[in-house]
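Just so it is clear, none of the values below were taken in a lab; they were calculated from the coordinates. Since the structure is predicted, the reported quantities are computational estimates derived from the model, not experimental observations. With ideal geometry, Cβ positions are generated from the backbone for all residues, glycine too; neighbour counts draw on all protein chains shown.
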Amino acid sequence: MTAAETDRALVERVAKGDRAAVRLLFMRHHARVYRFAARQTGSELKADDIANEVFLELWRQAPAFEDRSEVSTWLLGIASRRCPCCARRRKTGSTTMTRPQLADGADTPEVVTMKEDKAAALRRFTDVMPEEHRTVIDLAYYHGQSVSEIGEVLGIPVATVKTRMFYARKKLGEALKAAGYDRGWP
């Protein structure tokens, strides 16, 4: 039995009122939902509230789950519908959370510093993008969602996702170039 099948079985148990199944889904998916909400809102407190709302909604809506997508995609979709109201109130300064990066043992201290600097610049540029572009970048690159999964999460056609990704990457490339960064890594 795969994790996706197990998640679906857990949602079926939740639909029947099984609280233990909710706890298991919470343990499996809370970190992903929380990270998504934190990137969208720039606030740990709001992200925690949104993540809790998502699992409360899971409890309420489990009987309506139609099994057309992965449970993780469904949960991120619920989170994305909770985030825009918070993202609009976001302050101009970036308080976006950052994930610790794993060091590459082959990198020199200079390369490590260059990578950290470029990663910070990418986060800054992403944070000031329009919400529709920021969200597709976040789902694709920080959560590993496919184009079709992003479409499901956001409730938009795949072609719209592709268009948003194109313009978001173009704007990021232009911003990096204007700031003096090379396209390659570091």
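Before moving on, here are some points about what is shown:
- Counting only aspartates and glutamates at least 8 places from Lys115 when in the same chain, those with an alpha carbon closer than 15 Å to its own are Asp104, Asp107, Asp182.
- Stretch gain in nm, segment Arg169-Tyr142, where the contour uses 0.36 nm per residue and the Cα spacing is subtracted: 8.3 nm
- Taking a straight line from the alpha carbon of Lys16, these lysines sit under 30 Å away, with near neighbours fewer than eight places off in the same chain left out: Lys46.
- Chain lengthening between Glu57 and Arg23 when straightened (0.36 nm per residue, less Cα-Cα): 10.9 nm
- For the pair Glu66 and Thr113 in one chain, pulling the backbone fully straight at 0.36 nm per residue adds 12.2 nm over the alpha carbon distance.
- Sites matching trypsin sites (Lys or Arg not before Pro) across region 126-185 that sit in DSSP coil, with at most 10 neighbouring C-beta atoms within 10 Å: Arg183
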